[in-house]
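Have a look at the structure below before the remarks.
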Amino acid sequence: MPTSRLTVLEQQIAASGRPVDDATRAQIKEEVILREVFVQEAQKRGIAATDEYKNQMELARQTILIRALFADFQKKNPVSDAVLKAEYDKFTAANGGKEYRARHILVEKEDDAKAIIAAIKGGAKFEDQAKAKSKDPGSGANGGDLDWANAASYVSEFSEAMIKLDKGQMTEAPVKSQFGWHIIRVDDVRQAKLPSFEELKPQIAQQMQQQKLAEFQKTLREKAKIQ
């Protein structure tokens, strides 16, 4: 029995995170024996000479070779810590700053929005008005609550009006956007808490490695001359 096959299967199992103990080694040995038995039977029946087998073998050869090519490229073209840190800095710049816990009521007509503002100033609860009249089904059912988000999460007209409000303040006039007319109230403001570089580093590295690999694949395709 070829020990090299035993070794390869052991390495594959270990790489998957499973421990290779004596019981596992016995299973691997039985697997190798069964493979050899089945292969010998297939050879007796001439299966290796069929076109179907040859075509499948060629596809398998290509798949293994391509996988090895990509693994070799990634090994020889690692993403440096400096590049990862620069990408992290871009992320923090785009997502840092203040976060707002806002509520809104969305209606189709400006006059309706003005009437709601007047009602709230007269003592009506913002949350009740949102539940009864907002055409935004997601937030309306929850009293207009939009949860925590940074200003960039919203359309520009909405965010520009929102960032001018202090905690607890409501817009004095309706705000128009592509969705309709908004009444906005800011319930709270806080500084955004972002994951550290070390926490995000594995995710950023994976994304950037995939980008580099995609660029490599694109370059090869553009260079190729298909007859």
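Each reported figure results from applying straightforward, stated rules to the coordinates on display, with no laboratory input. Because the structure is predicted, anything quoted here is derived from the model rather than measured. Reconstructed Cβ throughout: ideal geometry from the backbone, glycine too, with neighbour counts over all protein chains shown.
Quick one: grab the alpha carbon gyration tensor of segment 93-143, order the square roots of its eigenvalues as a ≥ b ≥ c, and give me rounded if a/c is under 1.5, else prolate or oblate depending on whether a/b is larger than b/c. Before the final figure, lay out the partial values.
On the way: a/c = 2.07, a/b = 1.92, b/c = 1.08.
The shape class here is prolate.
Once you've got the Cα coordinates, tell me which of Lys29/Lys76; Lys131/Lys193; Lys114/Lys167 are over 25 Å apart.
On the way: Lys29/Lys76 35 Å; Lys131/Lys193 30 Å; Lys114/Lys167 21 Å.
Check vs 25 Å cut-off fails for Lys29/Lys76; Lys131/Lys193.
Looking at the P(r) of segment 98-191, how many percent of alpha-carbon pairs lie beyond 20 Å? Mind dumping the intermediate values first?
Working: 1080 of 4371 pairs.
Of the Cα pairs, 25 percent sit more than 20 Å apart.
Rg and Dmax in Å for the chain, alpha carbons only: what are they?
Cα-based Rg and Dmax for the chain come out at 30.8, 92 Å.
Within a 10 angstrom radius of the beta carbon, how do Val186, Val83 rank from fewest other beta carbons to most?
Details: Val186 20, Val83 14.
Ordered from fewest to most neighbouring Cβ atoms within 10 Å, Val186, Val83 come out as Val83, Val186.
Between rounded, prolate and oblate, where does segment 3-61 land on the alpha carbon gyration tensor, with a ≥ b ≥ c its root eigenvalues, rounded for a/c under 1.5, else prolate if a/b exceeds b/c? Walk me through the numbers on the way to the answer.
Values: a/c = 4.03, a/b = 1.88, b/c = 2.14.
Oblate, because a/c is 1.5 or more while a/b does not exceed b/c.
Only Cα pairs within less than 10 Å get springs; with that Gaussian network setup on the chain, which residue of Ser159, Ser177, Ser16 has the largest fluctuation?
Top of the fluctuation ranking is Ser16.
Taking θ = phi - 60°, what integer Hz values does the Karplus form 6.51 cos²θ - 1.76 cosθ + 1.60 yield along segment 195-207, in sequence order, with x for Gly and Pro?
Each residue's phi maps through the Karplus curve to give x, 6, 4, 5, 5, 8, 3, x, 5, 5, 4, 4, 4 Hz.
How many nm separate the modelled label positions at Ala86 and Phe70, each set 7 Å beyond the Cα in the direction of the Cβ?
My value for the distance between the label points is 2.5 nm.
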